[in-house]
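The values are calculated or read from the model by the stated rules, or taken from the named source; none is laboratory data. Here the structure is a predicted model, which is why all the values come from computation and not from measurement. No Cβ is skipped: glycine too gets one built from the backbone with ideal geometry, and neighbour counts run over all protein chains shown. Keep in mind that these areas ignore ligands, DNA and RNA; they rest on the heavy atoms of the full protein, side chains included. Shrake-Rupley method; radii C 1.70, N 1.55, O 1.52, S 1.80 Å.
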Amino acid sequence: FNNETNTMKSAILATLVASAAAFAPAQTGRSATTVSESKADLSSLASGLNPVVKYYDPLNLAEQDFWGKGNEATIGWLRQSEIKHGRIAMFAFVGYIVQSNVVFPWAQTMAGAAPPSPDLVP
C-alpha cells in the first residue's frame, strides 16, 4: 500500500510540474534591435521612401528637444505619435462609414422619433 501511495504522489507531482511548465514563458535568445532616429537617418529614409518630396520638415520638429531627453528621443516620440494618431484616424473613418450606412428601423430617441431617412446618407 505504501509503494502505491508513493507512486501516486509521484505521478501527481509530475503532472503538476508538466502542466506548470506549459504556462511558463519560453526562454528565447534576446536579439538586439538598434533604432537610429537622428535627423540624418530621417533624411536618408525619406529620400528612399519618397524620392519626389524627399525630406520635408517645415516646423523643424526633428531638431527640437522635447522634455530634455535628447533629439533622438524626440524623433522617436514623434514617430510613435504619428503611427498612433494615424490608427485612430483610420478607426474614426470606419466609424463614420458605419454610422452613415447603417440605419436602424426602430425609434432612435426616448420621444419615439423615427431614425433619419436613408436618403440622407452621403
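For beta carbons closer than 8 Å, sequence separation of 6+ or different chains, a first residue in the range 24-40 that is under 27 Å from Y56 (Cβ atoms) and a second that is β-branched (V, I, T) and modelled with pLDDT of 70 or more, the qualifying pairs are E37/I75; S38/I75; K39/I75. Residue count for the range 109-122, restricted to those that are at pLDDT below 75 and open to solvent by less than 100 Å² (accessible area, probe 1.4 Å): 6. The set of residues in the range 87-108 being open to solvent by 100 Å² or more (accessible area, probe 1.4 Å) and outside any helix (DSSP H, G or I) consists of P105, W106.
Within the range 61-86, the set of residues being modelled with pLDDT of 90 or more, of a type in the set (S, T, N, Q) and open to solvent by 50 Å² or more (accessible area, probe 1.4 Å) comprises just one member, Q80.
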